Structure formats: structure tokens, C-alpha cells
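Asks: Mind looking over this structure? Questions follow.
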Amino acid sequence: TLRAQWEALRRLDHFRREGVSNLSHDLRSPLTATAACLETLDTRWAADPARYPNQAADRQLVEVALRNTRNAARLVQSLGDLAQLDEPEFKLHTELLDAAELLDDIAVRFAARAEQQRVELIAEPAAGDQPTFVAIDIELFERAVANLVDNALKFCPPGGRITLAARGRTDPTPHSGSGPARRLVEVRVSDSGPGIPAADLAHLFDRFYQSRQSVEPASSEGGKGLGLAIVKRIAELHGGSVSVDSELGHGTTVTLSLPAG
């Protein structure tokens, strides 16, 4: 009986993942086409304002439609990504790389946006005597850290600061309960934003969890909790974990703990 029930659950879970993946694929194209049409319309109005005397109000409506379409497209993309990452057959393509150097690249990618928001974004050099090399899937690692930086920029006020850092350390608690201590690399994304309410911390990485104090619209990836759920799944696939330390009024630090290479 247990074997039959387990097999039924396995088939149901496979059907769920396959359904979400197919739905994500089918919705992506029309959303992309809709966004392209709205962008074209907005560009035409901007190029010939005399031809459209009432464009101010119309362009405002287009901007709202375009923003929501982009948010929906990101949500659909994230649903598909999560379904793929959940597949038992999913394989990482790992390379031994210096996490500190990758953080420099990610900081450069977000530099213009941070400057526009008047937020200081820095990647600290590696410190200490332990190396920060990890065996990682570079695309997934950058996706995870980029999600954290994107989230920090959404909440960090003008004049705030976001810091990226990688540190090597020794975990005094063996992974299997016995044997030598493990070496870890901790990747931290810290911000000086408003912090996170204590009631939300336990659920922060749950899928589809939305804080009541979130500023994100319901159609956005951040508003539905998928961005941080992806971060958690990527950490798990690498044999690591993710944690958060936050206090209202004192900012937030999210830490990815990965086995050192």
C-alpha cells in the first residue's frame, strides 16, 4: 500500500512540474509579444508628439500596462525555472571558481542601477587566510546572487549601502555528524534598508509567500516570493544552505553557505 501511494505521489509531482513547465513555456511568447507591442507604441508616441495631442494620459496607461506585462513575464519565467530546478534529473554544470571574483562581476552589472537609485554598491575583497573557491554552476550562482542584489535594491533607500562579500570559514559541525569539520564559503549580501519583520523571517524563502508589508505588486516575481525561493533551491542543489539575519531599522544580511572547493 505504501509503495502504491508513493508511486502515485511521484506521478502527481511529475505531472505538477511538467504542467507548470508547459504553462510557463506557452505563456512566455504572448507576454513577450505584448510587451514588444507596448514598447513600440510608446516609442512612436515619443518620436512624433504632435501627431498624438492626448498622448500624456495614454502613455501613462501604456506604462502601467507595460510594467505589469513585464512583471507577469518575469513571474512566468520564474515558475518555469523552479519547475526545471525541481526535476530529479536536473544536473549542475560546475566549475571551480573564486566566489569573490564573481561578486565583483555582479556588482559591475548592477552599478548603473545602484547609481541611479543613489545607493552605494560595493564588492568587498576577500579577507582572511581561507580561500573562497567553490565548485559552482556559474549561471545558477550568478542568478542567486543577482536575485538577492535585485531584492536589496528594491528596498534600500537613497543614500543606502549594499555590500557583497565572500568569506572562507571552517564549519565546526560536521555535515554527517561525524568526521572532520567542513570548509565553507559564505557569500553575503547585506543592505542598510528598513529590515524585515520578525514574523516574516521564518517564511522568507517559502514559495509564493508574500509579506503583508511588501511593496511589490502581486504580479511581480518578488511579490510572489519566487525570487528568494529560487535562491534557496540553487543553494540546496549545491549542497549548501541560505539564511537571513535582519532587524527592523537595521538592514538585512542574506548568507549563502556553500561547500568550499
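Asks: Subtracting the Cα-Cα distance from 0.36 nm times the residue separation, let me have the gained length for ARG28 to ARG207 in nm, one decimal. Don't skip to the end; give the middle numbers.
Replies: Values: separation 179, 0.36 × 179 = 64.44 nm, distance 2.03 nm.
Roughly 62.4 nm would be gained on extension.
Asks: Could I ask something else about it? Subtracting the Cα-Cα distance from 0.36 nm times the residue separation, let me have the gained length for ASP98 to LYS154 in nm, one decimal. Before the final figure, lay out the partial values.
Replies: Values: separation 56, 0.36 × 56 = 20.16 nm, distance 2.73 nm.
Gain on stretching ASP98 to LYS154: 17.4 nm.
Asks: Evaluate the distance, in nm, between pseudo-label points positioned 7 Å from the Cα of ASP48 and of LEU248 along their respective Cα→Cβ axes.
Replies: 5.5 nm
Asks: Right, here's the next one. Tell me, what ³J(HN,Hα) does each residue in segment 106-114 have, in order and in whole Hz, if you take phi through Karplus 6.51 cos²θ - 1.76 cosθ + 1.60 with θ = phi - 60° and put x for Gly and Pro?
Replies: 5, 4, 5, 4, 9, 4, 5, 5, 5
Asks: How big is the accessible area of PHE133 in square angstrom, nearest 10, if you roll a 1.4 angstrom probe over the protein chains?
Replies: Around 90 Å² of this residue is reachable by solvent.
Asks: At 0.36 nm per residue, and after removing the present C-alpha to C-alpha distance, how many nm does the segment from ARG109 to GLU63 gain when stretched out fully? Kindly include the intermediate steps, with their values, before the conclusion.
Replies: Values: separation 46, 0.36 × 46 = 16.56 nm, distance 2.48 nm.
Gain in length upon complete extension: 14.1 nm.
The values are calculated or read from the model by the stated rules, or taken from the named source; none is laboratory data. Since this is a predicted model, take the numbers as computed values, not measurements. Reconstructed Cβ throughout: ideal geometry from the backbone, glycine too, with neighbour counts over all protein chains shown. The protein model used for the area step is the full one, side chains on, heavy atoms only, and it has no ligands, DNA or RNA in it. Shrake-Rupley method; radii C 1.70, N 1.55, O 1.52, S 1.80 Å.
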